[in-house]
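Report on one structure; see the data block that follows.
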């Protein structure tokens, strides 16, 4: 019993270090893309000390690092002990939940403790993404080192057809639209401009073309968001395809999903980066989404021969 209890604490502390390191590395990438490495730790340390303006000094970095790792070690210990008490195996889903919880803590306590809206100053997309990465890293470490045997992602895909099809179709859609905009940008003599500009708007708060920073960090950061969005869409599409085999009219829901996605894409662009609607025209967005939807639909169509059969016989028959 004593060995198990000590192991629980050891794993919790180590998981906290892993989560803290993941978050620190994420903001190192974000700060590096802004040309101001270590801005985030310096800003948070300055906010805690009530200093203005922000200055990157060794003292600030050390203070932030100590507080940062201490908080995450405590979180890791608490999560590790809690999971043993409720007899629940750690999972990446719980990691996502933990990431959202961490974001809420930062959102609601930063102003109370420091008097500074840290989320607004650092940018909520970057803060949310960083906390999700930290939460999944922490929980993933607990999963890999716990009593529950680790389950490889390819094993999950191999056992669950809907998950496999959702992930695959999502990657297909993301890849098609990425290639489309690469061609579109290269034709204008600006390779990777679209993902770089969207990454600048999401992570750097760019509000005009002059402030766009097309770099590896902004392109890769937006690409992760891009892939995640398409995988989520792929899950919905795969579920509709599976259930439409028994209820063919659900295909109409898939058409409505596409129309909503088109409107959502243009609307999101208007909300997040309205200044891009001039260089990246609405028709380019629409064409890219059409190509992505056709590719995803073709893949799912080929994977569901029974759906093809029932649609050929009577597409509006709900008794198949």
Quick check on the stretch 290-318: of everything there that is at pLDDT below 80 and part of a helix (DSSP H, G or I), which residue is nearest to the chain's Cα centre (by Cα)? 307
State yes or no: is residue 214 in a loop (DSSP other than H, G, I, E, B) and modelled with pLDDT of 80 or more? yes
Report whether or not residue 166 is within 17 Å of the chain's Cα centre (by Cα) and at pLDDT 85 or above. no
Residue that is nearest to the chain's Cα centre (by Cα) [pool: residues in the stretch 171-211 that are under 20 Å from residue 27 (Cβ atoms) and in a loop (DSSP other than H, G, I, E, B)]: 205
Name the residue, out of 77, 49, 122, 96, that is assigned by TED's automatic domain parsing to the domain that holds residue 14 and at pLDDT 85 or above. 77
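The values are calculated or read from the model by the stated rules, or taken from the named source; none is laboratory data. All values derive from a computational prediction rather than experimental measurement. For neighbour counting, all protein chains shown are included, and Cβ atoms are generated from backbone atoms with ideal geometry for every residue, glycine included.
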